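Colleague: Pasting a structure here, questions to come.
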Amino acid sequence: MPEELNDLSGPYNPDLTFDMFSKEFLLKLFQAWQYAWLHMSESWYNQVKERFGAEAADECEVGAWMNMAERVNPRYAKVGNIQLNTVVDSMKAIQLPLDNTVGGLYPVIPEIINENHVIWTIPRCRSLEFFEAKQPERIQQVCHVNEKKIIERYLINRKIKVTPLKLPPRSSPEDIACKWEAVMTETDQW
């Protein structure tokens, strides 16, 4: 078996496959993909805003994220062999997308009340930090309007109701970014 690649500094390989890369290289590549994913979202938003205004960009942004989550996120559950019967199951599912809760983008501190009632705190949010520094006018729309709808789609199970418990603005950068509650209900939430 050939040695795993830690980079692509060697000769070009037209038959390259991901299983040829080392775990360390794949983790670096994954972080670059995460950056690209979020940068694409920001770039798309800004292009719509320039052409049609902020209101249209806000509406298109939340619609695009919800549509993507509905179509793509069930695939993560399938790949991860996650049954999606409980809120905790859905918490496992949101660990898998590019904008996940595992790494440094949106790390989660969960408080599992029971398998169908979870409170989670996001101590640091890279998106919020960007908005605070560069586009504070977007915090209200993204955090207070879009995020609840998007999180519910990311959790995949339509019977999970998400409620914000604490949202920005923060009193200081040391404050948590946000806090959410998810509970299983008897009826579809969306």
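Colleague: What GluC sites (Glu not before Pro) in the stretch 48-123 are in a loop by DSSP, with at most 13 other Cβ atoms within 10 Å of the Cβ?
Modeller: Here the sparse-neighbourhood loop sites are 115.
Colleague: Counting Lys and Arg as +1 and Asp and Glu as -1, what is the net charge of the other residues whose Cβ lies under 14 Å from the Cβ of residue 69? Before the final figure, lay out each step's value.
Modeller: Numbers: positive: 71, 75, 148, 149, 153, 158; negative: 61, 70, 99, 147, 152.
That works out to +1.
Colleague: Measure nothing but the geometry: give the 0 to 90° angle between the long axis through the Cα atoms of 54-79 and the longest principal axis through the Cα atoms of the chain, rounded to 10°.
Modeller: It works out to around 60 degrees.
Colleague: Hey, fewest Cβ within 10 Å first, where do 112, 119 land in order?
Modeller: 112, 119
Colleague: Which lysines, on any chain, are close to residue 78 with Cα under 25 Å apart, when same-chain ones fewer than 8 places away are left out?
Modeller: 23, 28, 92, 148, 149, 159, 161
Colleague: Work through the residues other than residue 111 whose Cβ is under 15 Å from its Cβ and net out their charges, Lys, Arg +1 and Asp, Glu -1.
Modeller: Values: positive: 166, 179; negative: 115, 181.
After counting each charged neighbour, the total is 0.
Colleague: Can you grab the distance from the C-alpha centre of the stretch 71-130 to the C-alpha centre of the stretch 1-57, Å, no decimals?
Modeller: 21
Colleague: If you keep only loop residues by DSSP, which chymotrypsin sites (Phe, Trp or Tyr not before Pro) in the stretch 7-92 have at most 15 other Cβ atoms within 10 Å of their Cβ?
Modeller: Those that pass, being in a loop and sparsely packed, are 12.
Colleague: Take every Cα pair under 8 Å in the chain that's 6+ residues apart, average their separations, divide by the length, and report that relative contact order as a whole percent.
Modeller: 17
Colleague: Rank the residues 71, 158 as a footprinting-exposure proxy: fewest other Cβ atoms within 10 Å of their Cβ go first. Mind dumping the intermediate values first?
Modeller: Values: 71 10, 158 15.
Ascending number of Cβ neighbours within 10 Å: 71, 158.
Colleague: What's the extension gain from residue 85 to residue 163 if we count 0.36 nm per residue and subtract their Cα-Cα distance?
Modeller: 26.2 nm
Colleague: Just to confirm the number: angle between the C-alpha axis of helix 23-52 and the first principal axis of the chain, 0 to 90 degrees, nearest 10?
Modeller: Tilt of helix 23-52: around 50 degrees.
Colleague: Still on this structure: Full-extension gain between residue 40 and residue 24, please, as 0.36 nm times their residue separation minus the C-alpha to C-alpha distance.
Modeller: Once the chain is fully extended between residue 40 and residue 24, it gains 3.3 nm.
Colleague: Using a 10 Å cut-off around each Cβ, can you sort 87, 79, 108 from fewest to most neighbouring Cβ atoms?
Modeller: Values: 87 24, 79 10, 108 16.
In increasing order of surrounding Cβ atoms, one gets 79, 108, 87.
Only the coordinates and a few stated rules stand behind these numbers; no lab work does. Here the structure is a predicted model, which means the values were calculated and not measured. All Cβ positions, even for glycine, are placed from backbone atoms using ideal geometry, and neighbour counts span all protein chains on display.
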